[in-house]
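Working notes, structure below.
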Amino acid sequence: MTGTATLARPVAELIDVSRVYQMGTNEVRALDGIDCVFRDGDYWSIMGSSGSGKSTMLNLLGCIDRPTHGEYLVDGISVGDLDDDQLSELRGTHIGFIFQSFNLISQLNVLENIMVPLFYLDVPPAEGEARAVELARRVGLDDRLDHRPKELSGGQQQRVAIARSLVNQPSLLLADEATGNLDTATTAEILDLFDELHDEGMTILLVTHEADVGSRTSQTLWLKDGRVDKVLQNR
Amino acid sequence: MFGNNTFLRTFRLGVKSLMLHKLRSMLTTLGMLFGVASVVAMLAIGEGASKEAQDQIKQLGSQNIILRSIKPPEDMVSNQTVRVSVYGLTVADFDRIKATYPWAKSVVPVRMLQQEARVGKRLLNPRVLATTPTYLEATGRVIHEGRFLNDRDEAGFANVCVLGYEVARYLFPFESPVGKRVKLGADYFHVIGTMLPRVPIGSDQPDAGTAVTEEILIPLSTGRLWFGDMQVKIRSGSREMEQVELHEIVLAVDRPESVLVAAAATREMMKRFHKDIDYEVVVPLELLLREEATKRIFKIVLASIAGISLLVGGIGIMNVMLATVTERTREIGVRRALGAKRKHIVMQFLVETVVLSVGGGVLGIGLGLAIPKIVEVYTDMEPVLTVAAPALAFAISVGVGLLFGMYPAWRAANMDPVEALRHE
Ligand SMILES: Nc1ncnc2c1ncn2[C@@H]1O[C@H](COP(=O)(O)OP(=O)(O)OP(=O)(O)O)[C@@H](O)[C@H]1O
Ligand SMILES: [Mg+2]
């Protein structure tokens, strides 16, 4: 088999997608006719100037927002046909989210934070806990399981968030400026972790405005004014 | 949808979130605490009050209508040196009542005499009641030893008497009085029985406070024969004579429903035959109803306090929960992004609210159970604690939590996840 003959299964597919915000009489086209496919095992970065629509696109990909026009398919499921509960379920089963500001839940400890998505999936607690402990070990925090988020450094918090994003075994891992709040050394650690995940076959999409972060990914999609400006192969 | 496990975990999460703001959570529960406390206290005191009233009516006899002689205001028949007051119930009244209510359970006439009772050196000034055998049943008294007066005693003007419990104990401290003799005034009476004590009723007794049991009962016929209708009272130099045929007539009707009608008819009849108001008609059932009405007002006041505190408590909780929801907008966004459905968010905040209100409620039940104890110490009321009261209070606090938690939870669940995630 040659690489080009068989394309991998599409995980996320945007077909002529627009997201329009109605601001009084004038409308803001945050995304304007996007067509693209992200395939199983892909490692993308999404870049562009501020306001170009990166976060809007990631929210759509993560199913916390819906396109105004066009169609979006996750693992072949069209989100346009889903109601709020089904959409939530789709997020819970298919998507892993990593945020710029970590967004850990302060009243829960590390282990509990990692397990949050499982709470909504009816995974048996024993199995969930085993998964969470394994992931904590994986991100190097198995000795901090009962620590509260405020007792951890930024890098450690983000690693907890990564473990949390993986606990539901998602088909698509989304990160919006995941390293935006971290220093260079910690950023490198996190990116190493992403590299590892990519090597294991995880589909990853990073939104970033840092060129050296973007260059670590396989492909970069450049947005400009809500449209695809260019697509670059990094390696 | 929500297994036990899920609920338990949601509950633990709620407690954890509340523990983040211990003081705030504690203060929030105060309103519920006082509301629930007043519900529990109200029920205990209300229950006690109505039990007390029921006991009282049992003693007075709910089917009784009591007529009593009272001295009319000065001055009917008077003479400068010797006053003779003739007033009160008559034997004719008694006969009329008997004739009017042939179906009555009993009609009991009572004469009260002031006579010394003496056994050897022991002397006593008891109430001597001259009455008929029906007295026992009508008053619900119980024979301790021997027997009560019977029809033959009455017909034969027998010199027999029945002693009240205390009287018997005082006059015959070492032996059974039955078969012995007691000197009443100038005559000897054979003791045929003694009675068990009863709790003083208070209002219906002329000598309230002293032991009601200090009495001696003799046949009515004997009483009239030996002591006549005239009684002499020596009062601050002047001699006062009273002529009263009967001091009390107790009419016991056959059914509780007929008490009020019979009372009205009796009043009407008495008005017709007595020019002066030299009698009173006491209907225990009426007294009871009046007392119940007062207690109802008391209950309404307590219920209003409870209602207002619960409302204020509920609003306080809702207010805090709304603040909590705003404060935790980001958390809500994160949870939604990680797969939480609206119902999960609703559940989370609703459980938190209910934990707050039930926490206050449980403390309130504690306080509410303590209040009646304090009332018991400082008043003569005797509150009755029931299982129903705390159970109701618990249900109320769950209800208040659900009611006032609904809106904050709904607000939280309907946030747009994207907006919530952008919230600072
Ligand atoms: N809720 C909203 N209401 C109205 N306009 C919005 C809303 N959210 C985003 N926009 C607009 O959509 C456009 C794209 O915004 P978006 O957040 O996707 O940009 P971005 O590429 O993530 O920028 P940044 O690098 O600064 O994060 C912007 O012009 C923004 O003003
Ligand atoms: Mg952005």
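The values are calculated or read from the model by the stated rules, or taken from the named source; none is laboratory data. What you see is a predicted model, and the numbers here were worked out from it, not measured in a lab. When we count neighbours, we look across all protein chains shown, and the Cβ atoms used for this are built from the backbone with ideal geometry, even at glycine. Just the protein is used for accessible areas: all its heavy atoms, side chains included, with ligands, DNA and RNA removed. Shrake-Rupley method; radii C 1.70, N 1.55, O 1.52, S 1.80 Å.
Select from the stretch B:129-153 the residues that are modelled with pLDDT under 90 and assigned to a helix (DSSP H, G or I) and list them in ascending order.
B:Tyr135, B:Leu136, B:Glu137, B:Ala138, B:Thr139
What single numbered condition from (1) at pLDDT 65 or above; (2) touching a Pro at 6+ places or on another chain (Cβ under 8 Å) fails to hold for B:Ala211?
(1)
Residues that are away from chain B (no Cβ under 14 Å), more than 16 Å from ligand 1 (Cβ to nearest atom) and touching a helix residue (DSSP H, G or I) at 6+ places or on another chain (Cβ under 7 Å): find the strands (runs of 3 or more DSSP E) completely inside the stretch A:137-235 holding 1 or more of those.
Filter on the stretch A:137-235 gives A:204-207.
Just give me the residues in the stretch B:395-423 being in contact (Cβ under 8 Å) with a residue 60 or more places away in the chain and assigned to a loop (DSSP other than H, G, I, E, B), in sequence order.
B:Asn414, B:Met415, B:His423
Collect the residues in the stretch A:200-219 that are within 17 Å of the chain's Cα centre (by Cα) and either more than 16 Å from ligand 2 (Cβ to nearest atom) or of a type in the set (Lys, Arg) (or both), keeping them in residue-number order.
Listed by number, the residues that qualify are A:Glu200, A:Gly201, A:Met202, A:Thr203, A:Ile204, A:Arg216, A:Thr217, A:Ser218, A:Gln219.
Okay, residues lined up against (1) at pLDDT below 90; (2) surrounded by fewer than 23 Cβ atoms within 10 Å (Cβ to Cβ); (3) within 14 Å of chain A (Cβ to nearest Cβ); (4) not in a helix (DSSP H, G or I):
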position: B:Leu322; (1), (2), (3), (4): no, yes, no, no
position: B:Ile332; (1), (2), (3), (4): no, no, yes, no
position: B:Ala340; (1), (2), (3), (4): no, no, yes, yes
position: B:Leu367; (1), (2), (3), (4): no, yes, no, no
position: B:Met381; (1), (2), (3), (4): yes, yes, no, yes
position: B:Ala393; (1), (2), (3), (4): yes, no, no, no
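Does the stretch A:79-102 include one or more residues that are open to solvent by less than 60 Å² (accessible area, probe 1.4 Å), on the phi > 0 side of the Ramachandran plot, within 16 Å of ligand 1 (Cβ to nearest atom) and in a strand (DSSP E or B)?
So far as the stretch A:79-102 goes, no, none of its residues is open to solvent by less than 60 Å² (accessible area, probe 1.4 Å), on the phi > 0 side of the Ramachandran plot, within 16 Å of ligand 1 (Cβ to nearest atom) and in a strand (DSSP E or B).
Output yes when any residue across the stretch A:169-192 is more than 26 Å from A:Gly51 (Cα to Cα), in contact (Cβ under 8 Å) with a residue 40 or more places away in the chain and touching a Leu at 6+ places or on another chain (Cβ under 6 Å), and no when none is.
no
Just need a number here: residues in the stretch A:74-129 that are facing chain B (nearest Cβ under 7 Å) and touching a Cys at 6+ places or on another chain (Cβ under 9 Å).
Residues in the stretch A:74-129 being facing chain B (nearest Cβ under 7 Å) and touching a Cys at 6+ places or on another chain (Cβ under 9 Å): 2 in total.
How about the stretch A:42-65: which of its residues are more than 9 Å from ligand 1 (Cβ to nearest atom) and within 12 Å of A:Ala30 (Cα to Cα)?
Selection gives A:Leu60 alone.
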